[in-house]
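These notes concern the structure reproduced below.
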C-alpha cells in the first residue's frame, strides 16, 4: 500500500443493523483520514437499530444516516480487510477471488436484549476498531490474516 492509498475495510454482521453499523461508525470516526469504511449484513434487515443509533450518539457518533445493506451491495472484492462479527469466519464469507485480509471478532449480538447489552457490544466494538485502526496507521496496511 502506498502512502496515498486508503485502506478499505468491510464490517459484516448478520443483519447490518447493530454491530457492523457500530463498527462502521467507529471506523469512520477514528480512521477518516486514511480509511474507506463499509458495513453489510448476511441477511440485511433494511433498518439500523434505534438502540444502536442511541448508544453511538452517547459516544458522539451519528449513524442515523446509515442504512442496512447486504454483502452483494458492497464491493467486497475491492476490500483490503473484511471483519466478520457474525460468528462465521470472514474467509468463508468472502468470495474465492478475495485477496485481502480477514479478521474474526466474537461479539455477542445484542438484538432483543436489555439496552445495557447494546452499550457492552458498543464498547467491545470500539476497543477492537480502535486497535485495528491503530495497527493500520502504524504499519501502513492491513494486518496479516493468521
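Computed values, structure above
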item	result
Over the chain: helical MRE at 222 nm, DSSP H runs n ≥ 4 each giving -39500 (n - 2.57), nearest 500	-10500 deg cm²/dmol
Sites residue 32 and residue 116, calculated FRET efficiency, Cβ-Cβ separation with R0 22 Å, nearest 0.05	0.15
Residue 6 paired with residue 99, simple spin-label distance in nm, labels 7 Å along Cα-to-beta-carbon	2.1 nm
Backbone N within segment 80-106 under 13 Å of label point (7 Å from residue 135 Cα along the Cβ vector)	81-84, 101-106
Contact order normalised by residue count of segment 7-139, Cα under 8 Å, 6+ apart, percent	28 percent
Answer label for Rg/Rh (Cα atoms, Kirkwood Rh) (calculated), chosen among (i) 1.03; (ii) 0.97; (iii) 0.94	(iii)
Whole-number Å³ per residue for the convex hull built on Cα positions in segment 61-115	124 Å³
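Every read-out reported here was derived from the displayed coordinates using simple, explicitly stated rules and does not represent laboratory data. The shown structure was predicted, so the numbers you read here are calculated from the model rather than taken from an experiment. All Cβ positions, glycine included, derive from the backbone under ideal geometry; neighbour counts span all protein chains shown.
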